[in-house]
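Shown below is the structure under consideration.
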Amino acid sequence: MHTHKHEQKVWQMTATQKNAIAKSTRELRTSDDEFEAAFKILKKYPKRVTFFGSARLSPETKYYHMAHDLAARLAENGFAIISGGGNGIMEASNRGAFDGEDVSVGFNIKLPHEQHLNPYTTDSLRFNFFFTRKVMMTFYTHAFVCFPGGFGTLDEVFEVITLIQTGKMPPVPIVFVGNKYWKDLDKFIRKNLLKNHLISNGDEQIYTITEDFDAIVKMINKSYNT
């Protein structure tokens, strides 16, 4: 019987790989501490809206100003504004609440290339793990507002959509702000996913694309009060 020469080879981890796994195992034990600290923050604020969006959108962009103004409107309605605590849309949304002396929460992340907490938070926590941070940014949040962003933004919002689609979290408003930016994604979802039965009828309605602030505020308030 023919055998390949590699079939008898026993693969072993290198010392570097073993050390990396041991280090990750030790660090993971601290994830419970992150959850506990984040829960203490969230318990203080019964109404919450999470903002997603790119860290690369500067104060010179229209989306920065839109995020600021929409966050201010929602904060005036009693919602704590939660973001990833970084720059761009995160800063804009935190700043919208902060400028009105309302609640502005920043859940920052420790990265190899330092990501600094923006100065517009009234409460904050720095996470070591993306998974703990992601859980706490979505935990019992009453709505999600998603501005243009890259891979990280898409990862965050599509995980929320999947959780709602599969019934793992209650349906809450998911608003994509930026009609021009999101229309091609919406077209792709309807043309490729829905038409080919890769999602069910109605799944394309889990999210809403609009720039109408009055409609957004009304939608989120209605959802919270029902």
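Computed from the coordinates by the stated procedures, all read-outs in this text should not be read as laboratory data. Bear in mind that the values here come from a model prediction, so they are computed numbers and not experimental data. In this analysis, Cβ positions are derived from the backbone assuming ideal geometry, glycine residues included, and neighbour counts consider all displayed protein chains.
Taking just the alpha carbons, could you work out the radius of gyration and Dmax for the chain, both in angstroms?
That works out to 20.5, 77 Å for Rg and Dmax.
Over the alpha-carbon set of region 123-226, work out the extent along each principal axis and list the three values in angstrom, largest first.
42, 31, 27
Which of the trypsin sites (Lys or Arg not before Pro) found in region 44-115 are loop residues per DSSP with 16 or fewer other Cβ atoms within 10 Å of their Cβ?
44, 56, 110
What is the spin-label model distance, in nm, from residue 200 to residue 58 if the labels are put 7 Å beyond Cα along the C-beta direction?
Placing both labels 7 Å along Cα→Cβ, they lie 4.7 nm apart.
Taking each pair of different alpha-carbon atoms in region 29-153 once, compute 1/r for the pair, average those values, and report the inverse of that mean as the Kirkwood hydrodynamic radius in Å to one decimal.
Its Kirkwood hydrodynamic radius stands at 14.0 Å.
Let me ask another. Which FRET efficiency, nearest 0.05, do residue 35 and residue 222 yield, Cβ-Cβ r, R0 30 Å?
The value I calculate is 0.45.
If R₀ is 35 angstrom, what is the calculated FRET efficiency for the pair residue 65 and residue 20, using the beta carbon separation as r and rounding to 0.05?
0.20
Tilt of helix 213-225 relative to the longest C-alpha principal axis of the chain, in degrees (0 to 90, nearest 10)?
Roughly 70 degrees, rounded to the nearest 10.
Between 0 and 90 degrees, rounded to the nearest ten: what's the tilt of helix 15-28 against the longest Cα principal axis of the chain?
Approximately 40 degrees, to the nearest ten.
Roughly what angle does helix 31-42 make with the longest principal axis of the chain, taking Cα atoms, 0 to 90 degrees, to the nearest 10?
Once rounded, the angle reads 10 degrees.
Pairs of alpha-carbon atoms within less than 8 angstrom and 6+ residues apart define the contacts here; what relative contact order does region 25-225 have, in percent?
In percent, rounded to a whole number, it is 19.
What nm distance separates the two modelled labels at residue 116 and residue 11, each placed 7 Å from Cα along Cα→Cβ?
4.3
Which of the lysines could a cross-linker bridge to residue 195, judged by Cα under 21 Å and excluding same-chain residues fewer than eight apart?
Candidates past the 8-residue exclusion: 183, 187.
Which lysines have a Cα less than 23 Å from the Cα of residue 222, not counting those fewer than 8 places away in the same chain?
Leaving aside lysines fewer than 8 places away in the same chain, those within reach of residue 222 are 43, 44, 47, 168.
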